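As structure tokens, the structure follows; a few thoughts come after it.
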Amino acid sequence: MTDDILRQQIDYYRARASEYDEWFYRLKRYDRGEALNQQWFDEVETVVQTLRGLGSFDHALELAAGTGIWTAHLAQMAEHVTAVDASEEMLTINVQKMHPAHVRYVQGDLFEWQPSEQYDLVFFSFWLSHVPPELTAEFLDKVFNAVRPGGHVFLVDSLPDESSTAADQSVTTSAQARQMRRLNDGREFQIVKIYYRPETLTPLLRAAGFEADVQTTRRYFIYAHGIKPVEPA
């Protein structure tokens with residue numbers, strides 16, 4: 001069952017690539033009016049400024065890099081960026097946006113892909129919520145192994161607010177961590193979707209080995225920063 005929904009989830013994001021930015025930039029079905037749109041962008045800026053406040057790095061890794069919304073920030077923060085995504089369509093858009101010589105792209109299923117080195121910063125946005133609960137600990141162990149001692153992890157994800165999704169779609173928080181998503185053309189896909197709160201995300205990051213701090217914005221986002229401890233000499 002898990003394999004089936006993960007395949008469907010990849011198919012969904014491949015098919016959604018050309019319209020993904022409509023969600024983030026509050027366009028078409030995702031336009032919720034001036035006030036709510038501004039609230040969204042203000043909260044995005046809170047997360048961006050927190051991320052940028054971490055400083056500069058030699059090598060950053062972005063998991064589920066998507067269309068490059070956050071790759072653009074990482075490319076300004078790091079001398080080298082490795083961007084990984086399962087969707088060729090997402091990465092194509094990312095490359096078209098970015099064109100930087102210091103971003104290396106890797107197409108790979110994050111449940112199978114393994115890091116070959118350690119990074120100063122590992123970043124992922126709106127991805128942990130799509131990891132099935134039974135695979136979360138294993139995924140976070142992979143992230144921990146990808147971070148060098150003293151390095152950082154940063155993630156941002158969604159809070160369950162009805163105005164965060166399309167106007168013709170509802171936010172559901174099923175016990176089975178499943179959600180039905182609809183594309184502009186009406187096609188529907190079932191995906192994994194978990195809405196974390198600080199009290200549920202913090203222990204997961206700490207169990208993986210990170211010194212973690214988890215925050216939320218007013219209504220739309222949860223974000224976390226963790227540091228991998230340096231082993232005593």
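For an R0 of 30 angstrom, estimate the FRET efficiency from the Cβ-Cβ distance between Val106 and Thr200 and round to the nearest 0.05. Walk me through the numbers on the way to the answer.
Working: r = 30 Å, r/R0 = 0.99.
E between Val106 and Thr200, to the nearest 0.05, is 0.50.
Quickly work out the Asn37-to-Asp185 label distance, labels modelled 7 Å from Cα along the C-beta direction, and quote it in nm with one decimal.
Each label point is offset 7 Å from its Cα along the Cβ direction, giving 2.6 nm.
What shape does segment 44-145 have by the C-alpha gyration tensor, where a ≥ b ≥ c are the square roots of the eigenvalues, rounded means a/c under 1.5, and otherwise prolate means a/b greater than b/c and oblate the rest?
Working: a/c = 1.45, a/b = 1.24, b/c = 1.17.
The shape class here is rounded.
Treat each spin label as a single point 7 Å out from the Cα along the C-beta direction, and report the Asp3 to Gln114 distance in nm.
The two pseudo-label positions are separated by 2.0 nm.
Over the chain, with a Gaussian network built from C-alpha contacts below 10 Å, which listed residue (Gly209, Gly53, Gly186) shows the highest mean-square fluctuation?
Looking only at Gly209, Gly53, Gly186, the largest GNM fluctuation is found for Gly186.
What ranking of Arg148, Arg32 emerges when the number of other C-beta atoms within 10 Å of each C-beta is taken as an exposure proxy, fewest first?
Values: Arg148 16, Arg32 19.
Fewest to most other Cβ atoms nearby, the residues stand as Arg148, Arg32.
Extending each Cα 7 Å along its Cβ direction at Lys97 and Asp11, get the distance between those two points in nm, one decimal.
Inter-label distance under the simple model: 2.6 nm.
For a test of the definition: using alpha carbon positions, the gyration tensor, and the 1.5 limit on a/c, classify the chain as rounded, prolate or oblate. Write down the numbers at each step before the final one.
On the way: a/c = 1.38, a/b = 1.33, b/c = 1.03.
Rounded, because the longest to shortest axis ratio a/c is under 1.5.
Lys28: which lysines have alpha carbons under 23 Å from its alpha carbon, excluding same-chain residues fewer than 8 sequence positions away?
Answer for Lys28, where 23 Å is the Cα cut-off: Lys97, Lys193, listed by chain and number.
Take the Cα atoms of segment 135-197, build their convex hull, and give its volume per residue in Å³.
Working: hull volume 8.0 nm³, N = 63.
Normalising the Cα hull of segment 135-197 by residue number yields 127 Å³.
Under a Cβ-Cβ cut-off of 14 Å, what is the net charge of the residues other than His102 that fall near it, where Lys and Arg count +1 and Asp and Glu count -1? Numbers along the way, then the final one.
On the way: positive: Arg104; negative: Asp58, Glu62, Glu79, Asp120.
Taking every Cβ under 14 Å from that of His102, the sum is -3.
Counting other beta carbons within 10 Å of each Cβ, put Val84, Val122, Val106 in order, fewest first. Spell out each step's value before the answer.
Working: Val84 20, Val122 26, Val106 15.
The fewest-first ordering by Cβ neighbours comes to Val106, Val84, Val122.
If we count other beta carbons within 10 Å of each Cβ, what is the order of His152, His102, fewest first?
Numbers: His152 21, His102 12.
Ranking His152, His102 by Cβ neighbours within 10 Å, fewest first, gives His102, His152.
Order 138-144, 110-116, 39-45 from most to least packed using the mean count of other Cβ atoms within 10 Å. Write down the numbers at each step before the final one.
On the way: 138-144: 17.9, 110-116: 13.1, 39-45: 16.1.
Per-residue Cβ counts within 10 Å, averaged per peptide and sorted highest first, yield 138-144, 39-45, 110-116.
Suppose we keep just the DSSP beta bridges with both residues in the chain; what percent of those would be antiparallel, to 5?
Values: 18 of 39 bridges.
That works out to approximately 45 percent antiparallel.
We did not get these values from a lab; they are worked out from the coordinates using the rules stated. Given the structure is predicted, the values throughout are model-derived calculations rather than measurements. For neighbour counting, all protein chains shown are included, and Cβ atoms are generated from backbone atoms with ideal geometry for every residue, glycine included.
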